[in-house]
1. Take the residues in segment 39-69 that are in a helix (DSSP H, G or I) and farther than 22 Å from Pro28 by Cα; name whichever of them is nearest to the chain's Cα centre (by Cα).
2. Which residues, taken from segment 7-46, are of a type in the set (A, V, I, L, M, F, W, C) and surrounded by fewer than 16 Cβ atoms within 10 Å (Cβ to Cβ)?
3. Hey, can you tell me all the residues within segment 190-202 that are part of a helix (DSSP H, G or I) and either at pLDDT 80 or above or loosely packed, with under 15 Cβ neighbours inside 10 Å (or both)?
4. So Asp101 ticks every box in (1) acidic (Asp, Glu); (2) under 23 Å from Gln217 (Cβ atoms); (3) in a strand (DSSP E or B) but one. Which box is left unticked?
5. What are the pairs with Cβ atoms under 9 angstrom where one residue, in segment 1-24, is part of a loop (DSSP other than H, G, I, E, B) and the other, located anywhere, is of a type in the set (Lys, Arg)? Sequence gap at least six, or different chains.
6. Name the pairs: first residue in segment 32-57 and without any contact (Cβ under 8 Å) to a residue 12 or more places away in the chain and within 15 Å of Pro5 (Cβ to Cβ), second residue of a type in the set (Val, Ile, Thr) and buried (at least 16 other Cβ atoms within 10 Å of the Cβ), Cβ to Cβ under 9 Å, at least 6 apart or on different chains?
7. Can you tell me which residue within segment 69-97, out of those that are at pLDDT below 95 and among the small types (Gly, Ala, Ser), is surrounded by the most Cβ atoms within 10 Å (Cβ to Cβ)?
Amino acid sequence: MTLAPVDHWNVKGLKGPAYKVGPRCCNPQCPRIAEHAHHMFRRSRLAVDYDWVNIAGYICANKVGVCAQCHDDLTGRVGGHKAAIQFHPEDQSFHWCLVADTATGVNLHGVGLLEPQPLTPELLATLEPDQGQGSEDGCPFCGAVKVKRRRSGPGARLGRRRKTWTVSVPDAVEEDGADVLDALVENLAPLIPMPNATATEGRYWVLVPALAFAQMQPEAFVASWEGR
């Protein structure tokens, strides 16, 4: 039975898109290939084998790649627990730890950061289709189908990545749409880590996890919007 990465119960399983783990074992001291996908939070903890979890507001993948030996160390299959994965909320990172049973209980000795760290919705959106985030024609997180735009003219095959995304807002007397969006983004910004983000990029890093969270829990989102 896997030792939980946190010592509290503020963890919820979430539905989300499929993804790949590996190719190498996430134990930073292990050179072997990842043969297994290990659920950090076990089924008995979440009721179902969820591939995504919400840890006190932090959304990430629940599966990591491990070799067969490290998988046994995590689950305690052979000779009891020898390793555990621990979550550090202060910097939202996962660490590989060695387990030692003592007279006073279980002691954990940190080895290093998982390599790679479990996926987040933001990182998943940057992956190529063959890395397991779904079809290249669909949204990497919610699976919504994208409509391809046909290009014409000399530069039709070149294409360019868009660096801006414009949103039209209502210009009603009773509500200034731009002010409403600014206020919502500013209120959420302190809750979301945005390393090295510029002022204009900051809006993107707030909107993506907020929209992804709504996509993963549509029933709760609708119920909240309707005031239920």
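1. Top of the filtered list is Leu46.
2. The initial filter retains those residues of segment 7-46 that are of a type in the set (A, V, I, L, M, F, W, C), namely 9, 11, 14, 18, 21, 25-26, 30, 33-34, 37, 40-41, 46.
Across segment 7-46, the qualifying residues are Trp9, Ala18, Ile33.
3. Within segment 190-202, the subset part of a helix (DSSP H, G or I) is 190-191, 199-202.
Once the filter is applied, which keeps residues that are part of a helix (DSSP H, G or I) and either at pLDDT 80 or above or loosely packed, with under 15 Cβ neighbours inside 10 Å (or both), segment 190-202 yields Pro190, Leu191, Ala199, Thr200, Glu201.
4. Here Asp101 meets the rest and fails (2).
5. Between residues of segment 1-24 that are part of a loop (DSSP other than H, G, I, E, B) and residues that are of a type in the set (Lys, Arg), the close pairs are Met1/Arg42; Thr2/Arg42; Thr2/Arg45; Ala4/Arg42; Ala4/Arg45; Trp9/Arg45; Tyr19/Lys63; Val21/Lys63.
6. Hits for this filter: zero, empty list.
7. Of everything passing the filter in segment 69-97, Gly76 is surrounded by the most Cβ atoms within 10 Å (Cβ to Cβ).
The values are calculated or read from the model by the stated rules, or taken from the named source; none is laboratory data. The structure displayed is predicted, hence computed values, not measured ones. Don't worry about glycine lacking a Cβ; one is built from the backbone with ideal geometry, like all the others, and counts go over all protein chains shown.
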